[in-house]
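Student: Dumping the structure here so I can ask a few things about it.
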Amino acid sequence: MSKRCIYFDCAATVPPCQEALSTFEKISLSSFANSSSNHGLGFESSKMLEKARAQIGKYLHVLPEEVLFTSGASEGNNLAIQGVARHNASWGKRIITTKGEHPSVLEVFKHLEKEGFDVVYLDYDKDGNLDLQQLSSALNEHVSLVSIMAVNNEVGYLFPLEKIYSLVKEKSRALLHVDATQAIGKENLSSSVYDLMTFSGHKITALKGSGVLVKKKRVELDPLIYGGSQENGLRAGTSALPLDCALASALRVTLASQNERREQAKKVKQYLSEELSKMDEVVITSPVNSTPFILSFALKEHKGSVIAQALSNEGIYISTKSACSSREEGYSYVLKSAGYDEILSSNGIRLSFYGYETLEQAKEFMDVFSSLLKDIKVR
């Protein structure tokens with residue numbers, strides 16, 4: 001195994017920052033009491049929880065009471081989508097999403113479809129252009145929810161949330177849910193373009209098991225978990241105070257460094273895009289206007305999974321598709337839905353950055369990658 005370590009899989013997770021780790025340790029030791037307990041130590045923990053909630057609300061430009069703590073985006077997505085759909089099922093049985101959503105959104109919609117909901121799956125093209133005419137035609141008085149991600153986690157598409165939000169409000173009384181997992185700390189996201197928004201802590205240098213669902217005050221939804229009054233009665237269970245406070249610390253650090261990291265990610269992505277474009281076997285699948293933090297490409301001859309494993313053996317860590325489905329055989333539904341054939345859709349590679357990667361690492365990646373393509377037999 002190589003001693004080299006080049007980590008280009010930041011869309012899957014990133015290491016926790018020191019501020020988050022320090023906050024977690026401090027709160028775990030000093031504020032260990034249950035924040036729901038009716039005594040002095042419990043009240044102190046409750047104050048810490050509300051302080052973290054207020055900080056996150058300030059950073060996201062929303063009200064503190066609109067911030068709900070979750071275990072991550074998968075739970076948040078489930079709570080937002082199922083919660084709204086079931087609460088409004090008496091009048092709104094149509095719900096809308098895109099074909100390129102994360103599994104924690106798509107699988108929820110498929111489950112609701114089996115329950116009898118009328119689901120519309122929106123198309124997009126290879127440039128990441130969402131079919132807004134299809135969305136416009138699908139909107140009516142029976143639509144209760146539209147769920148569209150801010151940034152696609154595999155290819156890096158940037159969906160036009162401002163246009164989408166305006167269209168949703170103009171033609172329906174539906175709520176717009178935005179999965180912002182790949183946008184927080186990377187893209188500017190206005191709080192005026194969504195009704196509900198979700199993200200995970202471990203994507204922004206907080207700890208795994210933490211996340212946020214922003215639910216605007218006017219939004220009503222049914223809970224998934226019953227048994228307690230935590231999170232305004234929408235998420236029963238003992239609050240994970242150290243995780244929630246660590247998330248507030250990580251969000252502050254992440255947003256403060258966003259512009260600097262974004263510029264560095266642009267440089268790394270531009271270099272890699274230019275070098276990969278010179279190779280006959282490579283098809284760049286991330287469009288020009290995609291996020292600078294994700295570079296997706298596909299191989300015409302080699303198996304993407306074989307190359308990914310060979311890179312791992314050399315101490316270079318990348319993905320073939322979303323980490324939530326990367327160990328499943330078969331093609332990327334994100335690429336297939338964009339119009340790529342089965343060969344390219346089955347052999348995609350995703351490089352994802354956080355903005356601390358260097359051009360030296362990018363050049364080393366290209367050297368190793370080029371050598372592997374020459375040394376490894378085609379499929």
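The values are calculated or read from the model by the stated rules, or taken from the named source; none is laboratory data. Everything quoted here is computed from the prediction, not taken from an experiment. Positions of Cβ are backbone-derived with ideal geometry, glycine not excepted, and every protein chain shown enters the neighbour counts.
Student: Looking only at strands (runs of 3 or more DSSP E) that lie completely in segment 264-364, which have at least 2 residues being without any contact (Cβ under 8 Å) to a residue 40 or more places away in the chain? If you could, list the steps in order and put the result at the bottom.
Tutor: Working: elements: 282-284, 294-299, 348-352.
Per the criteria, 282-284.
Student: Among the residues of segment 33-48, how many are more than 34 Å from the chain's Cα centre (by Cα) and either buried (at least 17 other Cβ atoms within 10 Å of the Cβ) or of a type outside the set (S, T, N, Q) (or both)?
Tutor: We begin by selecting, within segment 33-48, every residue more than 34 Å from the chain's Cα centre (by Cα); these are 38-41.
This time we only want the ones that are either buried (at least 17 other Cβ atoms within 10 Å of the Cβ) or of a type outside the set (S, T, N, Q) (or both), so: 39-41.
Of the residues in that region, 3 qualify.
Student: Looking at (1) closer than 30 Å to K266 by Cβ; (2) touching a Phe, Trp or Tyr at 6+ places or on another chain (Cβ under 7 Å); (3) in contact (Cβ under 8 Å) with a residue 12 or more places away in the chain, which one does A85 not meet, given that it meets all the others?
Tutor: All conditions are met except number (1).
Student: Residues of segment 129-158 being part of a loop (DSSP other than H, G, I, E, B) and surrounded by 23 or more Cβ atoms within 10 Å (Cβ to Cβ), which ones? Spell out the reasoning first.
Tutor: The first filter runs over segment 129-158 and keeps only residues part of a loop (DSSP other than H, G, I, E, B), leaving 129, 131, 139-142, 148-150, 152-157.
Of everything in segment 129-158, those that are part of a loop (DSSP other than H, G, I, E, B) and surrounded by 23 or more Cβ atoms within 10 Å (Cβ to Cβ) turn out to be I148, M149, A150, N152, N153, E154, V155, G156, Y157.
Student: When you look at T291, is it at pLDDT 95 or above and buried (at least 19 other Cβ atoms within 10 Å of the Cβ), yes or no? If you could, list the steps in order and put the result at the bottom.
Tutor: On the way: at pLDDT 95 or above: yes; buried (at least 19 other Cβ atoms within 10 Å of the Cβ): yes.
Taking the combined requirement at face value, the residue satisfies it.
Student: Taking the options K114, K110, K99, name whichever one is surrounded by fewer than 19 Cβ atoms within 10 Å (Cβ to Cβ), in contact with a Phe, Trp or Tyr (Cβ under 8 Å, 6 or more places away or on another chain) and not aliphatic (A, V, I, L, M). Break it down stepwise before answering.
Tutor: Numbers: K114 fails: in contact with a Phe, Trp or Tyr (Cβ under 8 Å, 6 or more places away or on another chain); K110 fails: in contact with a Phe, Trp or Tyr (Cβ under 8 Å, 6 or more places away or on another chain).
Going through K114, K110, K99 in turn, just one is surrounded by fewer than 19 Cβ atoms within 10 Å (Cβ to Cβ), in contact with a Phe, Trp or Tyr (Cβ under 8 Å, 6 or more places away or on another chain) and not aliphatic (A, V, I, L, M): K99.
Student: Can I ask one more? When you scan segment 210-227, do you find a residue that is touching a residue at least 60 places away in the same chain (Cβ under 8 Å), farther than 15 Å from I184 by Cβ, in a loop (DSSP other than H, G, I, E, B) and small (G, A, S), even just one? Walk me through how you get there before you give the answer.
Tutor: Going residue by residue through segment 210-227, those that are touching a residue at least 60 places away in the same chain (Cβ under 8 Å) are 210-217, 219-224.
Right, trim to farther than 15 Å from I184 by Cβ and you get 215-217, 219-224.
Subsequent filtering for residues that are in a loop (DSSP other than H, G, I, E, B) retains 216-217, 219-224.
Narrowing the set further to residues that are small (G, A, S) leaves none.
No, that holds for no residue.
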